[in-house]
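Got a structure here, written out as structure tokens. Questions coming.
The values are calculated or read from the model by the stated rules, or taken from the named source; none is laboratory data. This one's a predicted model, so the numbers in the text were calculated from it and none came from an experiment. Every residue, glycine as well, gets a Cβ built from its backbone with ideal geometry; the counts of neighbours run over all protein chains shown. These area figures cover heavy atoms from the full protein model, side chains too; ligands, DNA and RNA do not enter into them. Shrake-Rupley method; radii C 1.70, N 1.55, O 1.52, S 1.80 Å.
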Amino acid sequence: VRPESTISDAQRTSCSSDLNKLASKRKILFGSGSADLDSSSNKVLDEIAATIKRCGDISVRVEGHTDSTGGAKKNQEISEARAKSVVDYLAGAGLDRAKLTAVGYGESKPIASNKSRKSRALNRRIEFTIE
């Protein structure tokens with residue numbers, strides 16, 4: 001059980017918004033079909049780590065999502081592994097691992113149709129939720 005955060009709801013909302021803006025503006029990329037972070041993602045991950053540090057005493061859920069290409073079981077596994085890779089990176093950047101949780105949702109929470117390459121790319125994402 002994690003200790004309750006001491007930040008206000010307004011701070012929580014602001015931090016969550018800032019994190020997800022960073023993640024959506026500059027994608028966190030992985031090798032195709034893998035959970036290996038692409039080195040081009042280091043800058044945005046460093047910015048995300050700095051944002052989390054500025055937010056103060058918070059816990060963060062790192063959420064991995066995939067498109068619907070391939071099997072549901074494999075997509076679930078890769079979304080979990082990708083979220084864990086992001087948690088590992090953030091912990092390596094000095095964040096308290098005990099305040100980071102990796103969760104994979106596979107293809108279960110699409111934000112686009114999966115009917116085109118562009119919409120599938122939107123569904124392959126990492127999101128952050130302040131807990």
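May I ask you to give the percent of accessible area on the chain that is carbon plus sulfur, with a probe radius of 1.4 Å?
That fraction is 52 percent.
In percent, how large is the relative contact order of the chain, given Cα pairs closer than 8 Å and 6 or more residues apart?
Reported as a whole number, the value is 31 percent.
Restricting attention to region 85-131, which trypsin sites (Lys or Arg not before Pro) occupy a DSSP loop and are surrounded by at most 11 other Cβ atoms within 10 Å?
Passing sites in region 85-131 are K115.
Taking every DSSP beta bridge with both residues inside the chain, roughly what % is antiparallel (nearest 5)?
60 percent
Oh, and also: Over the chain, how many percent of alpha carbon pairs lie in each 5 Å bin up to the one with the longest distance?
Per 5 Å bin, starting at zero, the Cα-Cα P(r) for the chain comes out as 2, 11, 21, 24, 19, 13, 7, 3, 0 percent.
For the chain, modelled as a Gaussian network with Cα springs under 10 Å, which listed residue fluctuates most, S40, S108, S32?
S32
Any chance you could look up the accessible area of T66 with a 1.4 Å probe, heavy atoms only, rounded to 10 Å²?
10 Å²
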